[in-house]
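Notes to accompany the following structure.
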Amino acid sequence: MEANIKMKIEEAKKETTVGFLKEHGELIAAIVSGFLIFIAWILSMDGMNTASIILYISAFIIGGFAKAKEGIEETIEEKKLNVELLMVFAAIGSAIIGHWAEGAILIFIFALSGALETYTTNKSKRELSALMDIQPEKATLYVNGQEKVVHVSELSVNDLIIVKPGERIPADGIVVDGKTAIDESAITGESIPVEKKANDEVFAGTVNLNGSITLKVSKENNESLFHKILMLVQTAQSEKSPSQQFIEKFEGAYVNGVIITVLLLLFLPHFLLGWSFSETFYRAMVFMVVASPCALVASIMPATLSAISNGARNGLLFKGGVHLERLSKVNVIAFDKTGTLTKGEPKVTDLVIRDGIDERELLKAVYAIEKQSNHPLAKAIVQYIESKIEDVPNQWMNIKEQSGFGVSAIWNEETWKIGKADFVGKEEALSFQQNISTTLAEEGKTVVYVRDSNGIAAIFALKDVLREDIVQAIKELQKEGIHTVMLTGDSHATAKAIAKEAGIQEFYSECLPEDKVKHIKELKNKFGIVAMIGDGINDAPALATANVGIAMGEGTDAALETAEIVLMKNDMTKVIKAIHLSKKMNRIIKQNIVFSLSVIAILICSNFLQIIDLPFGVIGHEGSTILVILNGLRLLKA
């Protein structure tokens, strides 16, 4: 027994090690390569020797293996040369003419950037596993009066399944028996639980809160709304952006141009200009070095990493430089409501009581009853009363809960009812205090009625309130010329009230995940670059579809993994900081690119005119690289 346990532990350790090396192998190789270069440089300070050459060769192999392999495989598959091979050729050319250090540094910089790119790519693919975490694997099938636990893949349309309180619903279906409240925030983003009864539709992945229900499966597992979310995320991530397509075309043209030029330089100067073969070969190798994209890579990566580090210190997590770069071009930002614009939990905003009633005694009665309920609205009312009075009752009482409608109990020998209008008397409830409940509902608030033996005693109005920094953040975004839109699963009345309060320019209500994706695509067609800010699994497809996805730090794993940017402290004002940082980064990158290309052009011309030798070419090439790196590092304190 002990031997088996030890074996399993060893296997687990082995799998962990393999997984770590698979994800971080390129980065480790780049770091080792850099260390070997440093040691080789120290050893060669008094002149190149066998030990330093061996170390440089080791750095070439360790740092360049992954990219060389990738370049060769892509060349064979796509039948065209790429930047990876150009970097390898440039490094080898440096070594051929005796400049080992320059060649090794080219390999190191390229290997490091490739490792960071690989890590970011792996990180961005984890959202599918995060989404799958909330998908139930088992379902309780009801057949011939018997309950049978089966895998969700075995369910078919019209099967009857039983879902007990606290369980996630395993499949899309229709309620055939029972009443309950369903937490649909995972699908619609609605923070208030939705009451469900016979003939109502429910969705896979949502949570049954308080009542046992029987469902008839309405869709196959691969056709459920939850499965559509998975597919939408996967599809959106597989689409290449126009910028990415342009870069790929540019890479091909650049590599082909350099390789063709090198081949020409190996022969033409000898025959056309009368250069010796040694001089021709020398100038071709100098060209290979000075034309390598080392300076261009350094123009972008250090600046990007500096900006990312700056953002991290300010509560902004960027998953890649491309997303930070694109942020400055955003023309419209779409917001989810629940948990993004609002705090994601109901709060009591209004209390209206009957004339002549003792407010303190009323609150005590409501507290004693609602304290026994686990409903989110009841919890909000309890929290409100605790902030109003100190001597709250602590006694336990028996309550009767009618799922989906409300609760009733005996308090001080008097019957009390708390819940919906239908539960306490609809006509009397709606006419209470000159139809005040209608006005409150139009403001996007949820109304809870309280009835005692004398009629309607009071009403509580609850609302998912705005975050404190939202209004100011929206104003600043609009000053930047950014159009603001809200996408929510809430009702039209609630959405309208929240949009008005927050200062949002446009809103769409009653949105399912697929509706949010549709609206994002429409906004992209209308405005151009679109950013989406959300926090729930229901926002994941829209986050993936938008040009820039931004998640709240307290959001679900699915949202955090799908988004390209995370507001770690849920501070919406940091979006403005991110936009300003993006604009400054883009300015510095443009400066670096223009400068590095200018230096390369000057070095190439000087090489053709035979007025520059390799040492000065290396100084100019590596010097420009150092300068653009230092310029990029200014973003650390932006």
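Values in this text are rule-based calculations from the coordinates and carry no lab data. All values derive from a computational prediction rather than experimental measurement. No Cβ is skipped: glycine too gets one built from the backbone with ideal geometry, and neighbour counts run over all protein chains shown.
Quick notes
- Under 14 Å from Lys569, Cα to Cα: aspartates and glutamates that are on another chain or at least 8 residues apart: Glu468, Asp469, Asp535, Glu554
- Once the chain from Ile28 to Glu279 is taken as fully extended at 0.36 nm per residue, the excess over their C-alpha distance is 86.4 nm.
- Estimated at 0.36 nm per residue, the fully extended path between Asp515 and Asn256 surpasses their Cα-Cα distance by 88.8 nm.
- All aspartates and glutamates inside 15 Å of Lys420 as judged from Cα atoms, apart from same-chain residues fewer than 8 positions distant: Glu195, Glu370, Glu401, Glu428, Asp452
- Over 19 Å (Cα to Cα) - which of Lys179/Lys216; Lys164/Lys216; Lys500/Lys577; Lys364/Lys388; Lys67/Lys590 fall in this group: Lys500/Lys577; Lys67/Lys590
- Amide proton proximity set for Phe335, modelled H, under 5 Å, gap of 5+: Val485, Met486, Leu487, Ile533
- Proximal aspartates and glutamates to Lys79, defined as alpha-carbon separation beneath 16 angstrom and excluding residues fewer than eight positions away on the same chain: Glu70, Glu248, Glu251
- Lys500 versus Leu160: modelled label distance in nm, points set 7 Å from Cα along the beta carbon direction: 4.8
- Nearest-0.05 FRET efficiency for Ser309 and Glu427, computed from C-beta distance (R0 45 Å): 0.10
- Computed from backbone phi with θ = phi - 60° and the Karplus coefficients 6.51, -1.76 and 1.60, the 3J(HN,Hα) list for the stretch 414-421 is 9, 7, 10, 10, 9, x, 6, 4 Hz; x is used for glycine and proline.
- Karplus 3J(HN,Hα) series, Hz, for the stretch 594-606 with 6.51 cos²θ - 1.76 cosθ + 1.60 (x for Gly, Pro): 4, 5, 5, 5, 5, 4, 4, 4, 5, 5, 5, 5, 5
- Paramagnetic label zone (point 7 Å from Cα along Cα-to-C-beta, Phe38; backbone N under 19 Å) in the stretch 54-69: 54-64
- Linear extension gain, Ile611 paired with His270, 0.36 nm per residue minus alpha-carbon span: 121.1 nm
- Each label was represented as a point 7 Å from its Cα along the Cα-to-Cβ direction; for Ile626 and Ile436 these points are 7.6 nm apart.
- In sequence order, the stretch 529-543 has phi-based couplings of 6, 10, 10, 10, 10, x, 9, x, 4, 5, 8, 4, x, 5, 4 Hz under the Karplus curve 6.51 cos²θ - 1.76 cosθ + 1.60, θ = phi - 60°, and Gly or Pro positions carry x.
- Taking amide H positions as modeled 1.01 Å from N, with prolines and chain starts lacking one, the residues under 5 Å from Asp350 and 5 or more places away or on another chain are Ala461.
- Spin-label pair Lys526/Trp396, simplified geometry with 7 Å Cα→Cβ offset, distance in nm: 5.6
- Amide hydrogen neighbours beyond the local backbone of Thr342, cut-off 5 Å, H modeled: Arg467
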